[in-house]
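Reading through the C-alpha cells given below for one structure.
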Amino acid sequence: MHIFEQIGPLEEYLNSCREDGQSIALVPTMGGLHEGHLKLIDKAKECSDMVVVSVFVNPTQFAENEDFEAYPKTLSEDKKLLEAIKVDAMFVPLDNQIYPDGSSQDYDVGEMGKILCGISRPIHFNGVAQVVARLFDIVKPDYAVFGEKDYQQLLIINSLVERQGIKTTIVSVPTLRESDGLAISTRNNYLSPEDRANASLFYQQLVATKASIQSGTDIPSATEQAVDALSVVFDVEYIEVLNANNLTEITTSSSEIIIISAVKLGETRLIDNIVFRRLDV
C-alpha cells in the first residue's frame, strides 16, 4: 500500500494510474476505521480498479463545543487494517495540505443543510462540503463511496456534485449494524457499558415506528409515539418522517419515506434512519 501525506506525490501516482487506464474510487474517512468503513472499501473495489482511502479529521465541520479534540485518532491501527485488506493508496494529509494558508471556501449547501442535524450543528455541512470538494479536487476520483447512516450528508454531497459540475459518481452503501441493530459508528466507542446496552433501543424504535406507519397510523401520531418512547432512554434531538429523496414533507406522490433521527445518550450523539417504500403508492 502506498501512503501519502503530500498532495504532489499522490497526484503523480494517480496520474500514472490513469495513464494505465485504471479507474479510481475514493473512500473519505476521519479514521477510527471499523467494519462499516470496510464495507465502503469493498464497494469501492467493486466499482473501480484502484481505491484511495483518505484519513483526515476535518476541523471545519466541528463547532467549538464539539468533539474535535476527543475524536478517536487511531492512525497506526488504521494503516495496518488498510494494508491487510490491500487498499492501493492511503492519503493522510496535514491540515495545511487540505486548507493552504488556513483558508477554506464556503459552500451554499442549500435549505437541506439548515434542517435536522443542520439545526444543532449549523456549520457542520458547510465543513463537510469544504473537505469533500477539496478531496475531490485532489484525487479526482471516478467514484466516491459514502455510507447511508449519514443520510443527510449523503444528499448534500450529491447536491454539491451536481451544483459544482464535479465528474465523480457518488455511490452509497447501506448502514452496517451490530447484532442488536445499533448502527456501527466510531462514536459508539464513547458509550459506557450501560449506555451501550441501551443504545440498541434507538434502532428498535425506528423499526417500530416504520411498522406503525405501515399499519395505518398517521405520521404525526407515529412521530409523537416515537418521541415518547425514545425519551425514556434518550435525549431526543429530532425524529422526522420525510420524503427520502429530498428530506421534504411527504405528499401523496411521495413513494420513498425516511424515518430519520438524532438522539443523545449520555454525552454521545447518535444518528440513524430507515428508508422504506410506501405501501399505498
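On the given criteria, is Asp180 free of Cβ contacts under 8 Å to residues at least 60 places away in the same chain, of a type outside the set (A, V, I, L, M, F, W, C) and closer than 27 Å to Leu40 by Cβ?
yes
Tell me whether the stretch 21-29 contains one or more residues that are without any contact (Cβ under 8 Å) to a residue 24 or more places away in the chain, in the same structural domain as Lys149 (by TED's automatic domain parsing) and polar (S, T, N, Q).
no
In the stretch 188-201, how many are touching a residue at least 60 places away in the same chain (Cβ under 8 Å), of a type outside the set (Gly, Ala, Ser) and out of contact with any strand residue (DSSP E or B) (no Cβ under 6 Å at 6 or more places or on another chain)?
3
I'd like the full set of residues that are closer than 9 Å to Val145 by Cβ and touching a helix residue (DSSP H, G or I) at 6+ places or on another chain (Cβ under 9 Å), limited to the stretch 24-48.
Passing the criteria: Ala25, Leu26, Val27, Pro28, Ile41.
Please verify whether the stretch 76-85 includes one or more residues that are out of contact with any Lys or Arg (no Cβ under 7 Å at 6 or more places or on another chain), modelled with pLDDT of 95 or more, among the β-branched types (Val, Ile, Thr) and more than 15 Å from Ala144 (Cβ to Cβ).
For the stretch 76-85, residues out of contact with any Lys or Arg (no Cβ under 7 Å at 6 or more places or on another chain), modelled with pLDDT of 95 or more, among the β-branched types (Val, Ile, Thr) and more than 15 Å from Ala144 (Cβ to Cβ): present.
The rows are residues; the columns are (1) within 16 Å of Ile274 (Cβ to Cβ); (2) touching a Ser or Thr at 6+ places or on another chain (Cβ under 8 Å); (3) of a type in the set (Lys, Arg).
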| residue | (1), (2), (3) |
| --- | --- |
| Tyr151 | yes, no, no |
| Ile156 | no, no, no |
| Val161 | no, yes, no |
| Pro174 | yes, no, no |
| Leu206 | yes, yes, no |
| Ala229 | yes, no, no |
| Glu240 | yes, yes, no |
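Every residue, every condition in (1) basic (Lys, Arg); (2) under 17 Å from the mean Cα position of the chain (by Cα); (3) at pLDDT 95 or above; (4) more than 19 Å from Ser159 (Cβ to Cβ), yes or no:
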| site | (1), (2), (3), (4) |
| --- | --- |
| Asn96 | no, no, no, yes |
| Gly102 | no, no, no, yes |
| Gln105 | no, no, no, no |
| Asp108 | no, no, no, no |
| Ile115 | no, yes, yes, no |
| Gly118 | no, yes, yes, no |
| Ala129 | no, yes, yes, no |
| Ile138 | no, no, yes, yes |
| Ala144 | no, yes, yes, no |
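Evaluate the following for Leu38: is it in a helix (DSSP H, G or I), within 11 Å of Ala89 (Cβ to Cβ) and not charged (D, E, K, R)? Lay out the reasoning, then the answer.
Numbers: in a helix (DSSP H, G or I): yes; within 11 Å of Ala89 (Cβ to Cβ): no; not charged (D, E, K, R): yes.
No.
Which members of the stretch 199-226 meet the condition of being among the polar types (S, T, N, Q) and under 19 Å from Ala262 (Cβ atoms)?
Listed by number, the residues that qualify are Ser200, Gln204, Gln205, Thr209, Thr223, Gln225.
The values are calculated or read from the model by the stated rules, or taken from the named source; none is laboratory data. Remember, it's a predicted structure, so these values are computed and weren't measured experimentally. Heads up, the Cβs are rebuilt from the backbone with ideal geometry, glycines too, and the neighbour counts pull from every protein chain shown.
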